[in-house]
1. Could you tell me which residue of the stretch 135-158 is nearest to the chain's Cα centre (by Cα), considering only residues that are over 15 Å from Arg92 (Cβ atoms) and of a type in the set (D, E, K, R)?
2. Output the number of residues of the stretch 112-132 satisfying the condition of being within 18 Å of Leu154 (Cα to Cα) and either in a strand (DSSP E or B) or of a type in the set (A, V, I, L, M) (or both).
3. Go through the stretch 144-161 and count every residue that is within 21 Å of Asn112 (Cα to Cα) and open to solvent by less than 70 Å² (accessible area, probe 1.4 Å).
4. Tell me the residue from Val86, Val110 that is under 25 Å from the mean Cα position of the chain (by Cα) and surrounded by fewer than 16 Cβ atoms within 10 Å (Cβ to Cβ), please.
5. Given the criteria over 21 Å from the mean Cα position of the chain (by Cα) and of a type in the set (Gly, Ala, Ser), does Ala100 qualify?
Amino acid sequence: MAKKKNRPSQKGKRTKSEATPQRSNAAKSMSRRALIQYGAIGGAVLLGGGYFGVRAVEAAICEADLTKIGKGTPSIVQIHDPSCPVCNALQREARKALKAMEGDAPDYFVANISTLEGSNFAADYGVPHVTILLFDGKGEMKQVLQGSRTRAELQPIFEDHMRRYNRG
């Protein structure tokens, strides 16, 4: 009878059948369910982000259309440099002030000085960036606000502007 040689212990090593344990059908289907759920959540997030992204682009396009000034509704135009932190802060505050207004709000436009149209507009009125111009419904400039302002400062100015020049 042949003797078996003593081999050193192979603790921690698995045989091929033990190396990759088979998952049960329940575990597989649970994994599929989780993938479907996460996929649905991810899809919803992408669609929601896309929707808001499109809305932001549409709003930016509308705000940049300076040809609408003087079409019957009082207007506010911010002379804006997108690379300027003070301009960006003023834009946020102006938008907040417009949203918080009681009654009708004036049309809000942005003359981006990094575009030819925006820089020409600013040059026509002789104003630098970080400036807000207020126009009546006929397109006549009525007031110039230079420098940084808060929503609390802007809202009463905008409301007064609408009371004075809104003919609707």
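1. Across the stretch 135-158, the extreme among qualifying residues is Asp136.
2. 3
3. 7
4. That would be Val86, the only listed residue that is under 25 Å from the mean Cα position of the chain (by Cα) and surrounded by fewer than 16 Cβ atoms within 10 Å (Cβ to Cβ).
5. So Ala100 does not fit the description; no.
The values are calculated or read from the model by the stated rules, or taken from the named source; none is laboratory data. Everything numeric in this text was worked out from a predicted model, so none of it was measured. Methodologically, a virtual Cβ is constructed for each residue, glycine included, from the backbone with ideal geometry; neighbour enumeration extends over all protein chains shown. The accessibility values were calculated without ligands, DNA or RNA, using every heavy atom of the protein model including side chains. Shrake-Rupley method; radii C 1.70, N 1.55, O 1.52, S 1.80 Å.
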